[in-house]
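Below you'll find the structure, written out as structure tokens, and then a few comments.
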Protein chains: 2
Amino acid sequence: MKLSNLYSKTRKSFPSDEVALNAQLLIKAGYIHKEMAGVYSFMPLGLKVMDNIRSIVKEEMDNLGSQELAMTSLQEKELWEKTNRWDDEIVDVWFKSELKNGTEVGFGWSHEEQIGNMMKEYINSYRDLPVSVYQFQNKLRNETRAKSGILRTREFLMKDMYSFSETEEQHKEFYDKVAKAYLNIFKKVGLGDDTYFTFASGGAFTEFSHEFQTVTDAGEDTIYVNKEKNVVLNQEVFNDDVLDLLKLDKKDFIKVKAAEVGNIFSFGTAKSEELGIYFTDKEGTNRPVVLGSYGIGISRLMGVIVEYFSDANGLVWPYNIAPYKVIISSIGNSPEVVKESEKIYKHLTDKKIAVIYDDRDVRPGEKFADADLLGIPLRVVVSEKNIANNKLEIKERIKQSSEFIKPDDLPKIIEKLSTNST
Amino acid sequence: MKLSNLYSKTRKSFPSDEVALNAQLLIKAGYIHKEMAGVYSFMPLGLKVMDNIRSIVKEEMDNLGSQELAMTSLQEKELWEKTNRWDDEIVDVWFKSELKNGTEVGFGWSHEEQIGNMMKEYINSYRDLPVSVYQFQNKLRNETRAKSGILRTREFLMKDMYSFSETEEQHKEFYDKVAKAYLNIFKKVGLGDDTYFTFASGGAFTEFSHEFQTVTDAGEDTIYVNKEKNVVLNQEVFNDDVLDLLKLDKKDFIKVKAAEVGNIFSFGTAKSEELGIYFTDKEGTNRPVVLGSYGIGISRLMGVIVEYFSDANGLVWPYNIAPYKVIISSIGNSPEVVKESEKIYKHLTDKKIAVIYDDRDVRPGEKFADADLLGIPLRVVVSEKNIANNKLEIKERIKQSSEFIKPDDLPKIIEKLSTNST
């Protein structure tokens with residue numbers, strides 16, 4: 001992509017109506033567009049980041065043997081009444097509307113009920129278990145307040161996965177595999193060092209549910225970290241009872257702010273009984289399946305990554321999820337500079353390296369400022385002087401200083417930098 | 001994928017509550033799941049077909065230089081009032097709901113208004129034009145009747161593209177390129193021979209809009225085809241005035257039923273004026289942009305493909321969009337057969353050929369019937385007899401007879417068959 005062709009231009013200043021840093025930066029850089037409070041569209045660069053995160057998540061879900069599907073936004077009232085989750089007094093984030101014939105419908109804020117109901121058709125015997133399905137789905141939630149940018153919105157992309165097991169043991173085995181897969185994901189998107197598997201208040205039939213919490217001042221949660229024992233508790237369960245149960249001492253924990261980036265949840269058989277998801281076991285007995293639910297908000301995760309990495313100059317993307325790994329910033333528009341820039345651009349494109357070429361006729365200072373604001377991991381500067389010396393100047397977004405390399409070494413160096421970063 | 005792991009099983013009979021062939025077949029084969037009238041979820045095989053169609057469409061849109069983005073489902077009332085398309089008396093497919101503070105919101109059934117409004121921020125000068133953006137988006141439409149399976153639903157995946165041009169000439173140039181790209185798409189998904197660029201009743205500032213119509217008895221439209229002159233008119237414009245204008249004779253046309261698979265539309269400057277999308281031209285004059293809109297319903301297109309190709313035995317997918325190109329049907333479960341089947345499965349998987357292995361312990365007749373119902377383009381039969389003869393039996397879904405090949409030739413033959421088919 002040439003930057004002169006990209007319609008989403010950067011702004012000179014922050015939007016005045018946003019308080020969250022992630023929304024301020026993403027709007028200034030042209031990654032997202034605000035439609036109304038808590039409702040954001042994704043512009044080409046923003047969509048590319050989302051797609052990259054999505055690919056990482058998809059790969060891990062596929063490795064678990066989970067099968068991808070796509071459920072609908074439209075939800076049936078009768079179904080959610082079975083589990084007592086239709087009433088606005090009980091679930092306060094429903095958007096609801098009506099079909100022409102007056103039938104009330106809801107818009108999916110979660111899909112446990114719908115997926116459970118659908119799976120009834122396909123689960124009959126223990127031979128059909130365990131099974132797991134997942135989707136990337138646009139959730140709609142009528143949030144009262146939405147002031148955290150893309151961390152909490154009224155419409156967002158979520159990966160939700162559901163597991164159906166014969167027994168608690170079979171469920172536990174899958175649950176633990178998911179926990180590992182989630183940690184892999186957070187590592188791959190660059191948050192590995194500061195994302196913790198966290199005890200939260202329980203599900204049905206289990207003492208605890210689990211969250212994945214990333215340490216950041218932008219977080220809405222408070223967690224307590226015991227580094228030595230590698231145990232992390234969220235505020236709800238940081239009390240004497242739980243600490244006694246885990247045989248741990250309050251004073252060994254430090255308190256930090258964190259943002260939830262994923263959660264995994266055991267429903268036991270409670271919801272299966274309500275929805276009627278039964279199977280015939282080896283002895284021929286009819287039994288309810290054990291249900292698990294596993295979520296990652298893809299757009300929320302993108303927002304946390306922004307909050308976690310960004311600096312005074314703008315966005316900072318890890319190589320793995322950056323919309324482009326490299327930005328070519330040409331200095332001046334002499335024929336030599338244009339020719340060399342085009343050559344590098346073509347060379348990297350041919351090698352399928354995601355590159356954006358800032359071919360605009362603007363001052364070098366503006367190009368550098370935009371390269372920083374956009375957060376592209378590696379900047380390559382092409383100037384007459386560098387060409388004369390047969391050198392390229394490269395600078396990583398996360399580093400203060402640049403270095404000079406031989407032009408031919410560029411692809412190899414990009415490969416090395418983007419591999420090392422994960 | 002091994003068929004024993006796929007949770008979405010085939011049914012023995014058609015669902016009793018569907019009148020459209022596409023829904024009957026897709027449900028019987030486990031490709032889709034009905035949530036309520038006109039609302040279908042996509043199971044793994046169905047989602048794979050959708051993803052394959054989507055990739056073909058994406059490639060053509062990217063080749064046009066159009067930039068992919070993702071708008072929201074939630075729509076602002078004030079915006080649609082500007083173009084007089086909020087009122088239910090005027091647009092009768094809105095789903096509407098309310099935010100907590102009582103603000104009315106709609107769910108996107110189209111995105112011209114929202115995208116036009118968003119682009120105002122990025123279009124200032126003639127230097128920003130022409131520009132085009134597109135998305136794959138889940139449209140919600142409150143249809144009164146929805147009895148055509150996935151041809152007309154209350155929720156569906158659509159590719160919608162929008163173009164913004166300086167002049168009618170600039171617009172026309174892009175419009176014509178889109179028409180060609182659309183024909184490429186319909187060719188690639190296998191409908192090329194029977195899909196026509198069709199004159200339909202006009203847009204603002206233009207005599208006609210254009211539709212792409214595929215000849216099929218399942219279609220809701222009637223078109224008139226002049227094969228010799230390669231001119232096709234839909235019913236609305238098949239009248240003496242238009243025929244005179246085009247200097248064509250009524251008697252040279254044949255009447256056929258067809259399904260609309262795409263449409264392209266010129267808005268002129270009418271909508272830009274309503275929404276306030278202006279740019280400064282070379283002379284410094286403020287002018288409204290010329291707007292175009294280009295749609296393909298991805299799930300609808302999948303439904304048309306089902307109607308067009310399916311036969312008495314079930315679905316029939318072209319190689320390009322099939323969920324799997326090959327199905328391995330093993331006969332019996334002797335160690336030799338299992339070993340050979342696993343070997344072929346691994347070999348094709350390693351070569352990144354999409355293959356499904358029917359490893360179930362069921363009769364050959366059931367395996368063959370399911371292979372046909374699922375519509376997988378190529379069936380490979382592994383049996384003790386074939387192994388003894390060092391042969392593989394292959395049969396294309398569209399052919400009546402099978403043939404025998406050397407096992408080593410299989411990847412080459414798959415490659416050849418899937419290339420020839422487009």
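Only the coordinates and a few stated rules stand behind these numbers; no lab work does. All values derive from a computational prediction rather than experimental measurement. Quick reminder, even Gly has a Cβ in these numbers, built from the backbone with ideal geometry, and neighbours come from all protein chains shown.
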To the nearest 0.05, what FRET efficiency results for A:K120 and B:A312 with a Förster distance of 41 Å applied to their C-beta separation?
0.85
Find out how many positive minus negative residues lie around B:Y345, taking Lys and Arg as positive, Asp and Glu as negative, among other residues whose Cβ is under 12 Å from that of B:Y345.
0
Let me test this: with uniform point scatterers at the alpha carbons of the stretch B:21-309, what is the Debye-based log₁₀ I(q)/I(0) at q = 0.07 1/Å?
-0.28
Along the dipole axis of the protein assembly as shown (charges at Cβ: +1 for Lys and Arg, -1 for Asp and Glu; origin at the Cα centre), the most positive-end residue among B:F208, A:F14, B:Y182 is B:Y182
Charge dipole magnitude, Cβ of K and R +1, D and E -1 - the stretch B:326-420, Cα centre, debye nearest 20
240
Based on other C-beta atoms within 10 Å, arrange A:M118, A:M158 from fewest to most.
A:M158, A:M118
At 20 °C and 1.002 mPa s, what whole-number value in µm²/s does Stokes-Einstein give for the translational diffusion of the stretch A:326-420, with Rh from the Kirkwood sum over Cα pairs?
162
Nearest-20 debye value, the protein assembly as shown charge dipole, Cβ charges on Lys, Arg, Asp, Glu:
2280
Considering lysine pairs in the stretch B:105-191 that are 8 or more places apart or on different chains, how many have Cα atoms under 22 Å apart?
13
What is the average number of partner chain Cβ atoms found within 10 Å of a Cβ in A:33-39?
6
Here FRET efficiency (C-beta to C-beta, A:S201 to B:E274, R₀ 45 Å, nearest 0.05) is 0.30
Within a Gaussian network of chain A (alpha carbon springs, distance under 10 Å), most fluctuating of A:N313, A:N263, A:N63:
A:N63
Of B:74-80, A:145-151, ordering from highest average Cβ density within 10 Å down gives A:145-151, B:74-80
Between A:D193 and A:R145, what length comes free when the chain is fully extended (0.36 nm per residue of separation minus the Cα-Cα distance, one decimal in nm)?
14.2 nm
Given A:G116, A:T72, A:F404, which one lies farthest toward the positive end of the charge dipole of chain A, if we put +1 on the Cβ of every Lys and Arg and -1 on the Cβ of every Asp and Glu?
A:F404
Simple SL model, points at 7 angstrom along Cα→Cβ for B:T103 and A:V338; separation in nm is 4.7
Among B:V306, B:V362, B:V316: highest mean-square fluctuation, GNM of chain B, C-alpha pairs under 10 Å
B:V362
How many Cβ atoms of partner chains, on average, are near each residue of A:91-102 if near means within 10 Å of its Cβ?
4
Whole-number D in µm²/s for the protein assembly as shown (Stokes-Einstein; Kirkwood sum over Cα pairs; 20 °C, 1.002 mPa s)
73
Could you check the spin-label model distance between A:A179 and B:N239? Points 7 Å from the Cα along Cα→Cβ, value in nm.
7.1
Once both label points are put 7 Å beyond Cα along the C-beta direction, the A:K346-A:L417 separation in nm becomes 2.3
Using a 10 Å cut-off on Cβ atoms, rank the peptides B:281-293, B:37-49, B:233-245 from the highest mean neighbour count down.
B:37-49, B:281-293, B:233-245
Treat the count of other C-beta atoms within 10 Å as a stand-in for reagent exposure and order A:R360, A:R11, B:R397 from fewest to most.
A:R11, A:R360, B:R397
The answer for the net charge of residues other than B:V57 whose Cβ lies under 10 angstrom from its Cβ, with Lys and Arg +1 and Asp and Glu -1, is +1
Please average, across the residues of B:126-136, the number of beta carbons from any other chain that are within 10 Å of each residue's own beta carbon, and give a whole number.
1
Order of B:T216, B:T144 from fewest to most other C-beta atoms within 10 Å?
B:T144, B:T216
Within 9 Å, Cβ to Cβ, of A:K2, how many net charges do the neighbouring residues add up to if Lys/Arg are +1 and Asp/Glu are -1?
-1
What length, rounded to one decimal in nm, is gained on full extension from A:I398 through to A:E384, with 0.36 nm per residue of separation minus their alpha-carbon distance?
2.5 nm
